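*Asks:* What follows is a structure written as structure tokens; I'll ask about it next.
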Amino acid sequence: MTDESVNILLFLANGFEDLEAIAIRDVFGWTQYRKKLKKALVSTTGFHPVIKSRFGLKVEPDLTFSELNAEEYQALVLPGGFYSYGFDEAFDEKLYKLARQIYNNGGYIATMCVGILPIADAGLLKGKQATTYPYSRNHDNIGRLQKNGAIVVNGPVVMDDRIISCSGPGSAVDVAFLLMDHLMDPKTTQEVRKFMIYRSDLHSVKAPNYLNRTV
């Protein structure tokens, strides 16, 4: 991206995972820390006037879903969430259409945990690599990816053709920085990492092999 600023749309479903949502807002918020940095604006949206997270956060979206214009955004971010707390509402044709519009306009899609599953259902993962949360008790998340034509990868963070996925909330900050790298530029990412005192080497752990387990 060569523009001085970018617009990112953060979709929140009821039951969203708190850290995954906050990571995007926080990391990109640090672009405001120095005047020399390229700027990013993260706007929240959802299907309700107030959206409640799994662990009790209440968010009043910046924008109602009905007033969105997909052409205004260079990225869509979809955190995962908990089915039993309302995340099922993310499996909605209105969200599928929005994701397809932003992606087909050349935009990026960044997801965390089970946030990749609506993107798979939208038909955007056929033949693409992706990962998801492996430990859901009552849902076959890996099977759902495979059913939609995705190539499931055993790894914490995966990017394929402008679509980012991760296996859980522990990688949320890494997803944010990866998106920043591509949506803005590596220099901006390097500066933000410095100001946040973020040490990626401290987070390097071998991913468990969960592809053959029952979820």
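The values are calculated or read from the model by the stated rules, or taken from the named source; none is laboratory data. Quick caveat: nothing in here was measured; it's all calculated off a predicted structure. Quick reminder, even Gly has a Cβ in these numbers, built from the backbone with ideal geometry, and neighbours come from all protein chains shown.
*Asks:* Tally the residues that are part of a loop (DSSP other than H, G, I, E, B), surrounded by fewer than 17 Cβ atoms within 10 Å (Cβ to Cβ) and in contact (Cβ under 8 Å) with a residue 24 or more places away in the chain, restricting the search to the stretch 38-55.
*Replies:* Result for the stretch 38-55: 2.
*Asks:* Name the single residue, out of those in the stretch 6-30 being among the hydrophobic types (A, V, I, L, M, F, W, C) and under 17 Å from N69 (Cα atoms), that is modelled with the lowest pLDDT.
*Replies:* Here is the first cut: in the stretch 6-30, the ones among the hydrophobic types (A, V, I, L, M, F, W, C) are 6, 8-13, 16, 19, 21-24, 27-28, 30.
Going one step further and asking which of them are under 17 Å from N69 (Cα atoms), we end up with 6, 8-12.
Working: V6: 95, I8: 98, L9: 98, L10: 98, F11: 98, L12: 98.
Selected residue: V6.
*Asks:* Something else now. Pull up the stretch 62-82, narrow it to residues that are buried (at least 16 other Cβ atoms within 10 Å of the Cβ) and among the aromatic types (F, W, Y), then point me to the one that is farthest from F11 (Cα to Cα).
*Replies:* Pass one, the stretch 62-82, residues buried (at least 16 other Cβ atoms within 10 Å of the Cβ): 68, 70, 73-82.
Those left that are additionally among the aromatic types (F, W, Y): 73, 82.
Details: Y73: 12, F82: 15 Å.
Here the answer is F82.
*Asks:* Condition (residue is of a type outside the set (V, I, T), modelled with pLDDT of 95 or more and surrounded by 23 or more Cβ atoms within 10 Å (Cβ to Cβ)) applied to the stretch 147-162: is it met by at least one residue?
*Replies:* Yes: the stretch 147-162 contains one or more residues that are of a type outside the set (V, I, T), modelled with pLDDT of 95 or more and surrounded by 23 or more Cβ atoms within 10 Å (Cβ to Cβ).
*Asks:* Out of the stretch 138-157, which residues are without any contact (Cβ under 8 Å) to a residue 40 or more places away in the chain and either assigned to a loop (DSSP other than H, G, I, E, B) or within 13 Å of the chain's Cα centre (by Cα) (or both)?
*Replies:* Answer for the stretch 138-157, where residues must be without any contact (Cβ under 8 Å) to a residue 40 or more places away in the chain and either assigned to a loop (DSSP other than H, G, I, E, B) or within 13 Å of the chain's Cα centre (by Cα) (or both): N148, G149, A150, V153, V157.
*Asks:* Within the stretch 83-123, take every residue that is surrounded by fewer than 16 Cβ atoms within 10 Å (Cβ to Cβ) and of a type in the set (K, R) and give me the one that is farthest from N138 (Cα to Cα).
*Replies:* K97
*Asks:* On to the next question. Residues in the stretch 137-153 that are more than 17 Å from I163 (Cα to Cα) and touching a strand residue (DSSP E or B) at 6+ places or on another chain (Cβ under 6 Å): how many?
*Replies:* 0
*Asks:* Then there's this: Assess whether I119 counts as being aliphatic (A, V, I, L, M), outside any helix (DSSP H, G or I), in contact (Cβ under 8 Å) with a residue 24 or more places away in the chain and out of contact with any Cys (no Cβ under 9 Å at 6 or more places or on another chain). Don't jump to the end; show me each part of the working.
*Replies:* Details: aliphatic (A, V, I, L, M): yes; outside any helix (DSSP H, G or I): no; in contact (Cβ under 8 Å) with a residue 24 or more places away in the chain: yes; out of contact with any Cys (no Cβ under 9 Å at 6 or more places or on another chain): yes.
No, not satisfied.
*Asks:* Looking only at the stretch 1-58, count every residue that is β-branched (V, I, T), under 18 Å from F87 (Cα atoms) and touching a Leu at 6+ places or on another chain (Cβ under 6 Å) and tell me the total.
*Replies:* Kept after step one, since they are β-branched (V, I, T), are these residues of the stretch 1-58: 2, 6, 8, 22, 24, 27, 31, 42, 44-45, 50-51.
The next check asks that each one be under 18 Å from F87 (Cα atoms); those that pass are 22, 44-45, 50-51.
From what is left, the residues that are touching a Leu at 6+ places or on another chain (Cβ under 6 Å) are 44-45, 51.
Going through the stretch 1-58 one residue at a time, the tally reaches 3.
*Asks:* Here are some conditions: (1) touching a residue at least 24 places away in the same chain (Cβ under 8 Å); (2) outside any strand (DSSP E or B); (3) within 13 Å of the chain's Cα centre (by Cα). E89 meets all but one. Which one does it not meet?
*Replies:* Result: E89 passes all but (3).
*Asks:* If you don't mind, another one. Sort through E20, E93 and tell me the only one that's in contact with a helix residue (DSSP H, G or I) (Cβ under 7 Å, 6 or more places away or on another chain) and under 26 Å from N148 (Cα atoms).
*Replies:* On the way: E93 fails: in contact with a helix residue (DSSP H, G or I) (Cβ under 7 Å, 6 or more places away or on another chain).
Just a single option satisfies the conditions, and that option is E20.
*Asks:* So which residues in the stretch 31-47 are aromatic (F, W, Y) and over 20 Å from F65 (Cα atoms), if there are any at all? Even if it seems obvious, please write down each step before you answer.
*Replies:* Initially, the stretch 31-47 is screened for residues aromatic (F, W, Y), giving 33, 47.
Residue satisfying the conditions is Y33 alone.
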